[in-house]
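Enquirer: Handing you a structure now.
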Amino acid sequence: DNPSWQPLAIAIADYHQRLIQRVLYILSCLGHSRTVNVVQRLLYSTDYRDLANAIETLASLSHRRFVLPLMPVLEQLISDDQPGTRIRVNSQWMRTKGYHLLLEALESRDRWIKIGALIALAGVPSALMKDPDPLVKAVVQQIFQPLDQQPSLKDFFMSRLLLLKNVALFKNLSLDELLLIDQTLEQEHVLAGETIYTEGSWGNHFYIIGEGSVRLVKDMDEVQCDLKYLSAGQHFGEVTLFDNAPHWDGAIAVKDCTLLKLEKNRFISLITQRPHIVLEICRFLSQRLRETDKYRLARKLPSSFEVPVESR
């Protein structure tokens, strides 16, 4: 629940995901490719039962000896969807687990886990500043920079990766792949009230809102209507990456915005080098379509056949 620990939590989850993908690749090479394809789809599902079925399927394979060491990680995918699993970073937890976890993470050979640990470690001096012993506080002030001079996490490159990780379109990508995307992004500042693009205009950019808010608009019977309001962390204009057509809607800044723009040609160049990126994006879009179809079907069914609420 502490923002300075979020990068480490995401780095560990990213490391687990890469381990799972390696094992799935091995299983595919051992003749389980059809099962692996099904399991990969289920692992990205938001349905609790789909996740449980995927894990049970992996555990029942003839080569399950490759899967068994990962069972705690796979089971964590299910528990992450349940309430009450978030850790509270307090002094007691730091004494019993936090500091040990940081030391272990700093010794990891994975760079993202190391970076996450360093960011979490940067928050330790602020806790020491609250020490009741004035001598300890004085030494902390001499050794570490004043808190108001500490670099803000908002300005750190890792914050952009965390932002990208929360973009639904890139949800399935690893931190290494997100770093490649981050290197292709351009930053643009737009003042409140300014038009980002107009309906019917041709565009070449996909937009992510770093700060501020945007409204999407469309002309209907010669009247401009609001379609949607978007805030920091949300995105728009993604169709531009996949389709050669003018904008279906318009976009206007509601508040002063910092936009991260991905240009279409740079995106195509990136996926030419790393086709896995577009496969993961397509997997996400496919999963979104399946969930949408499931929801629409549930709405059309009579009450006696209605799908349980948990599966929606």
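Enquirer: Residues being buried (at least 18 other Cβ atoms within 10 Å of the Cβ) and at pLDDT below 75: count how many of those fall in region 141-162.
Expert: Of the residues in region 141-162, 0 are buried (at least 18 other Cβ atoms within 10 Å of the Cβ) and at pLDDT below 75.
Enquirer: Right, another one. Checking Gln187 against (1) free of Cβ contacts under 8 Å to residues at least 60 places away in the same chain; (2) touching a strand residue (DSSP E or B) at 6+ places or on another chain (Cβ under 7 Å), which single condition isn't satisfied?
Expert: So Gln187 meets the others, but not (1).
Enquirer: One residue is enough: does region 284-305 have a residue meeting the conditions of a type in the set (Asp, Glu), over 16 Å from Leu164 (Cβ atoms), modelled with pLDDT under 85 and in a helix (DSSP H, G or I)?
Expert: First, the residues of region 284-305 that are of a type in the set (Asp, Glu): 291, 293.
Pick out the ones that are also over 16 Å from Leu164 (Cβ atoms) and you get 291, 293.
Then drop every residue that is not modelled with pLDDT under 85, which leaves 291, 293.
Checking which are in a helix (DSSP H, G or I) leaves us with 291, 293.
Within region 284-305, one or more residues are of a type in the set (Asp, Glu), over 16 Å from Leu164 (Cβ atoms), modelled with pLDDT under 85 and in a helix (DSSP H, G or I).
Enquirer: Another question about this same structure. Would you be able to tell me the number of residues in region 12-24 that are within 14 Å of Val67 (Cβ to Cβ) and in contact with a helix residue (DSSP H, G or I) (Cβ under 8 Å, 6 or more places away or on another chain)?
Expert: The initial filter retains those residues of region 12-24 that are within 14 Å of Val67 (Cβ to Cβ), namely 16, 19-24.
Those still in the list that are in contact with a helix residue (DSSP H, G or I) (Cβ under 8 Å, 6 or more places away or on another chain) too: 16, 19-20, 23-24.
Of the residues in that region, 5 qualify.
Enquirer: Mind checking which residues of region 186-231 are touching a helix residue (DSSP H, G or I) at 6+ places or on another chain (Cβ under 8 Å) and closer than 16 Å to Ile252 by Cβ?
Expert: Within region 186-231, the subset touching a helix residue (DSSP H, G or I) at 6+ places or on another chain (Cβ under 8 Å) is 203-206, 208, 210.
Within region 186-231, Gly203, His205 meet the criteria.
Enquirer: Run down Asp47, Asp80 and say which single residue is at pLDDT below 80 and in contact with a helix residue (DSSP H, G or I) (Cβ under 7 Å, 6 or more places away or on another chain). Write out each step before concluding.
Expert: On the way: Asp80 fails: in contact with a helix residue (DSSP H, G or I) (Cβ under 7 Å, 6 or more places away or on another chain).
Testing whether each residue is at pLDDT below 80 and in contact with a helix residue (DSSP H, G or I) (Cβ under 7 Å, 6 or more places away or on another chain) leaves just Asp47.
The values are calculated or read from the model by the stated rules, or taken from the named source; none is laboratory data. Because the structure is a prediction, the values reported are computed rather than measured. No Cβ is skipped: glycine too gets one built from the backbone with ideal geometry, and neighbour counts run over all protein chains shown.
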